[in-house]
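**Q** Handing you this structure, nothing more for now.
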Amino acid sequence: MALVVERHTVTQAQSNCYVVRAERGASEAAVIDPGGGAAELRLDLARAGTRATAILVTHGDYDHVGAVAELAEGTGAEVYFPDGEQERMEMNRQWAVSIPEFTIDVLLQGDETFEAAGIEWQTVSIPGHSPAHVAFHADGCLFSGDLLFAGSVGRVDLPGADWETLLTSVRTLTERYPEDTIVYPGHGPRTTLGGELARNPFLAELRA
C-alpha cells in the first residue's frame, strides 16, 4: 500500500511538516520537519489513533526544527538529524530565533537505510541550501526539505549555501529516482521530480 502523507503548514514561514504512516490506520507515524505546532500535531495524532515514534529532520533551519524538542518530549519519538546541521541551528539561534534544545538520537550522514514507524527510509545527502542537508525517500516519495520546490529551489544567499552545489544535489536526485517520484517539499505544494526537471526555470542548466 502507498504511504499515507499528511501535510501541516506551520510557522510564519509557511513551512511544511509531514506526518507519514505506512498505511491508513497504522499505529505509528514519522513526523518530518516539525517547525512548529507541536500541540496541534499531537492532537491530530491522538485523534487518528497514531503515535509519533520518529522525528526526521532534513536540515537545521528554525522553521523545520522549532517544535522538535516539544514533540520529542511529549511522544518519546527518536530524533533523526543530519550530522553537520548543528551549526546551522546555532546560526539561527544567533539570529534571536528560539529553538529549544533537544536530544539527537541518530546522526545521519546522508547514505543510510533504516526503519522507522514501520517504513523503510533512505537518506540522501543534498547540500546546497545548507551544508549537511538530507532528503528522505520511501516508497516513491521524496521529502526534499528546502532543496527543491514546485517551480523553485532553496535559497543560496545564506552562510553555507552554494548554487553549484545545490544544482549537483538536484541532479543526484533526478539520476537516482524515477521521474514519477513524488516530491514533498519544505514549502508549497507537492510535485514530481520529472515535472521539475522539465519545467522548473531554475533547473534550466540541468536540461541543457
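**Q** If you take the residues of segment 9-26 that are in a loop (DSSP other than H, G, I, E, B) and either in contact with a Gly (Cβ under 7 Å, 6 or more places away or on another chain) or of a type in the set (D, E, K, R) (or both), which of them is farthest from Tyr80 (Cα to Cα)? Let's see the steps before the verdict.
**A** Restricting attention to segment 9-26, the residues satisfying the condition of being in a loop (DSSP other than H, G, I, E, B) are 11-14, 22-26.
Add one more test, that the residue is either in contact with a Gly (Cβ under 7 Å, 6 or more places away or on another chain) or of a type in the set (D, E, K, R) (or both), and what stays is 11, 22-24, 26.
Numbers: Thr11: 21, Ala22: 18, Glu23: 21, Arg24: 23, Ala26: 21 Å.
Residue satisfying both the conditions and the ranking: Arg24.
**Q** Quick check: is even one residue across segment 100-109 exposed (fewer than 15 other Cβ atoms within 10 Å of the Cβ) and within 20 Å of Ala13 (Cβ to Cβ)?
**A** Yes, some residue in segment 100-109 is exposed (fewer than 15 other Cβ atoms within 10 Å of the Cβ) and within 20 Å of Ala13 (Cβ to Cβ).
**Q** Only one residue in Arg88, Arg42 is touching a His at 6+ places or on another chain (Cβ under 8 Å) and assigned to a helix (DSSP H, G or I). Which one? Explain how you work it out, then say what you get.
**A** On the way: Arg42 fails: touching a His at 6+ places or on another chain (Cβ under 8 Å).
Arg88 is the lone residue from the list that is touching a His at 6+ places or on another chain (Cβ under 8 Å) and assigned to a helix (DSSP H, G or I).
**Q** Is it true that Ser130 is farther than 27 Å from Ala26 by Cβ and at pLDDT 95 or above?
**A** Spelling it out, Ser130 is indeed farther than 27 Å from Ala26 by Cβ and at pLDDT 95 or above.
**Q** For segment 45-78, what are the residues that are under 28 Å from Leu148 (Cα atoms) and assigned to a helix (DSSP H, G or I)? Full working, then the answer.
**A** Here is the first cut: in segment 45-78, the ones under 28 Å from Leu148 (Cα atoms) are 45, 52-72, 77-78.
Residues satisfying the conditions are Leu45, Tyr62, Asp63, His64, Val65, Val68, Ala69, Glu70, Leu71, Ala72.
**Q** Buried (at least 17 other Cβ atoms within 10 Å of the Cβ), out of contact with any strand residue (DSSP E or B) (no Cβ under 6 Å at 6 or more places or on another chain) and under 22 Å from Phe81 (Cα atoms): is that true of Ser130 in this structure?
**A** For Ser130, the condition - buried (at least 17 other Cβ atoms within 10 Å of the Cβ), out of contact with any strand residue (DSSP E or B) (no Cβ under 6 Å at 6 or more places or on another chain) and under 22 Å from Phe81 (Cα atoms) - is met.
**Q** Does Thr181 meet the test of being out of contact with any Gly (no Cβ under 7 Å at 6 or more places or on another chain), surrounded by 15 or more Cβ atoms within 10 Å (Cβ to Cβ) and polar (S, T, N, Q)?
**A** Against the criterion (out of contact with any Gly (no Cβ under 7 Å at 6 or more places or on another chain), surrounded by 15 or more Cβ atoms within 10 Å (Cβ to Cβ) and polar (S, T, N, Q)), Thr181 does not qualify.
The values are calculated or read from the model by the stated rules, or taken from the named source; none is laboratory data. Keep in mind the model is a prediction, meaning the values are calculated, not measured. Cβ: placed from backbone, ideal geometry, glycine included. Neighbour counts: every protein chain shown.
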